[in-house]
1. Determine whether residue 243 is more than 16 Å from residue 139 (Cβ to Cβ), without any contact (Cβ under 8 Å) to a residue 12 or more places away in the chain and surrounded by fewer than 22 Cβ atoms within 10 Å (Cβ to Cβ).
2. Counting only residues that are surrounded by fewer than 23 Cβ atoms within 10 Å (Cβ to Cβ) and assigned to a helix (DSSP H, G or I), how many does the range 186-199 have?
3. Return the residue satisfying two criteria in turn: it lies in the range 81-104 and is in contact with a strand residue (DSSP E or B) (Cβ under 6 Å, 6 or more places away or on another chain) and at pLDDT below 95, and of such residues it is nearest to residue 294 (Cα to Cα).
4. Test of understanding: among 238, 262, 277, which residue is under 20 Å from the mean Cα position of the chain (by Cα), modelled with pLDDT of 95 or more and either surrounded by 14 or more Cβ atoms within 10 Å (Cβ to Cβ) or in a loop (DSSP other than H, G, I, E, B) (or both)?
5. If you check residue 152 against the conditions, is it touching a helix residue (DSSP H, G or I) at 6+ places or on another chain (Cβ under 9 Å), crowded, with 18+ Cβ neighbours inside 10 Å and either free of Cβ contacts under 8 Å to residues at least 60 places away in the same chain or within 24 Å of residue 216 (Cβ to Cβ) (or both)?
6. If a residue must be closer than 19 Å to residue 223 by Cβ and part of a loop (DSSP other than H, G, I, E, B), how many such residues does the range 170-185 contain?
7. Within the range 202-221, which residues are surrounded by fewer than 20 Cβ atoms within 10 Å (Cβ to Cβ), in contact (Cβ under 8 Å) with a residue 40 or more places away in the chain and assigned to a helix (DSSP H, G or I)?
8. Go through the range 31-80 and report how many residues are part of a loop (DSSP other than H, G, I, E, B) and either out of contact with any strand residue (DSSP E or B) (no Cβ under 8 Å at 6 or more places or on another chain) or under 26 Å from residue 96 (Cβ atoms) (or both).
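The values are calculated or read from the model by the stated rules, or taken from the named source; none is laboratory data. Worth saying up front: this structure is predicted, and the values here are computed from it rather than measured. FYI the Cβ positions are ideal-geometry reconstructions off the backbone, even for glycines, and counts take in every protein chain you see.
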């Protein structure tokens, strides 16, 4: 059996005086035309679908890698490339800004590739511990400007949801992708900390490589999902985390002190501007602390130029990609009545 492969899609906000702007499209345009062959398919932009603040996040994707260390190395290199062109505006890796727009979210999507015959085993093994991995990534502690808990994004985002009967259904926390045939962890919040990111990726990779299939109950996952985004490390989640530690070496410190807690406390003490500056420093340097990045209102022409030089050339590609993600031919899955991927699932009420 071959070891799983890994890939990552990372979304991050670029804030100008606390708000995203289409000006960040011009930064993506610089990346695109600097290396079109690579960045045509490896960068993306996202919109809120609501006026007046149309722009949401920018995004990059990595190549496919055979180990967590290799994936982390490219992720850090891609962050450095983005930081080099985003010389104004603060790079802010959080799951949600302090508003309640379910379309204005950022995520870190981890893809794992396994042989077709191993999809069910790898999916169920990861799904069993998905609450642990998701809480370890949590970086969206606000509902509006009020403190919510650890990951309001998991509760609010239109693109996430409880696990359903069909793992091909796109808008849930863990899926099997139609376009790539990979297992995609969609529930993870952005993670600036390289050590935390490596710990989560490594645990997921080891679970996907595990040769035995672990028991999994979708109803249990969906019940846990109702609590841990707000409450954090519940007794039930601690039991799961201890099991994960035995299987993969995952360190419980990533659950006992979440990034969401640090950000919420800093916002209460010093305000959101300090939070954004510290996250910008963390994303650009790998060390949490305030940056000196220029943060001014961007010129209006930057947004128009970005739409013309980045968004317009990519429209045909984005349309084809979207069609494949929603309607492409799926991988062959076990549809037998006893398959845990297609058993009855309790949905959140």
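1. No.
2. 5
3. Going through the qualifying residues, I end up with 98.
4. Result: 262 is the single residue among 238, 262, 277 that is under 20 Å from the mean Cα position of the chain (by Cα), modelled with pLDDT of 95 or more and either surrounded by 14 or more Cβ atoms within 10 Å (Cβ to Cβ) or in a loop (DSSP other than H, G, I, E, B) (or both).
5. no
6. Pass one, the range 170-185, residues closer than 19 Å to residue 223 by Cβ: 172-174.
Restricting the remaining residues to those that are part of a loop (DSSP other than H, G, I, E, B) gives 172-173.
Of the residues in the range 170-185, 2 are closer than 19 Å to residue 223 by Cβ and part of a loop (DSSP other than H, G, I, E, B).
7. Across the range 202-221, the qualifying residues are 202, 206, 209, 219.
8. So the count comes out to 9.
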